[in-house]
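Asker: What follows is a single structure, and I will ask about it in a moment.
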Amino acid sequence: MRADHHFEGKVAIVTGAASGIGRALAGALARRGATVVLADLDEAGAKEAADSLRAGPPGRVSGVALDVTDAAAFAELVDRVTTDHIHLDLLFNNAGIGMGGDMTELTLAHWDRVIDVNLRGVVHGVTAAYPVMVGQGSGHIVNTASLAGLIPSPYLVPYAATKHAVVGLSVSLRAEAAARGVRVSALCPGIIRTPIWDKLNGEDLAVPSLDRQKESFDKLLRRSYPPERLAADTLAGVVRNKPVICAPAHARLAWGLWRAAPRLMVDQAGKAFRRTVGQT
């Protein structure tokens, strides 16, 4: 079966779909003939994204409101989709936020926010969709982690911690789910051109260290990978049933170096951090 045909007639939920990676994934799925539910905390953004897809490629799409930190709301969405479409083939647990800064400036409020969205949000999606897929004897859950979930990432410690947890959840559930016909993958992108970097920590949890590094982040983003290309890489990984989908090439290189020489990578990450904060 050609990769483009793999998704024809499939029913998918994509969270965090109003922008960035989620919106690109939804578009790529729709172009391949899937029925796609775009879910986002930003209901207007999700509906606008869905409307733009209706006007373009084939595939049924809809936009809905979803706060992934609300387990009951996530379960209700999965129940509604499976009632309307009889089955749920794909869940892209993609919603997430950035969180970082010098650890001396981070509080429990920063940790609570990122754990609620990036980790509990994924757990809520898995606990809602996985039993449905087990009952069907098929399905694929793709949990968006990050390259920061595979390698040391100073200055992004809370974010990296949640993304490492998502990788661990995904590969462990994958081993358990295989016997029940369900596939699970962790998506680990490198630096992608998305709004997540513009909204690091949110206005209410801003930290001075990140404000001082805005220019550095902007430079990285100018060289970053477009989400549309990542979406194509991701769906190719889904077709191949890869346990960890790591893209683009710079991310795979960094991951490979970490596995080959972890001590060297930690040392280099520490040096990069010291340069960033102006320490020798």
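Asker: Could you tell me the extents of the chain's C-alpha atoms along the three principal axes, largest first, rounded to whole Å?
Answerer: Principal extents (largest minus smallest coordinate, Cα): 60, 40, 33 Å.
Asker: In deg cm²/dmol, rounded to 500, what helix-only [θ] at 222 nm does the chain give when every DSSP H run of at least 4 residues adds -39500 (n - 2.57) and the total is split over its residues?
Answerer: Counting only the DSSP helices, I get -15500 deg cm²/dmol.
Asker: Something else: Provide, as a two-decimal number, the C-alpha radius of gyration of the stretch 1-143 over 2.2 N^0.38 Å, N being how many residues it has.
Answerer: That ratio works out to 1.07.
Where a number appears in this text, it was derived from the coordinates with a stated rule and is not lab data. Predicted model, so just to flag it, every value in this text is computed and none were measured.
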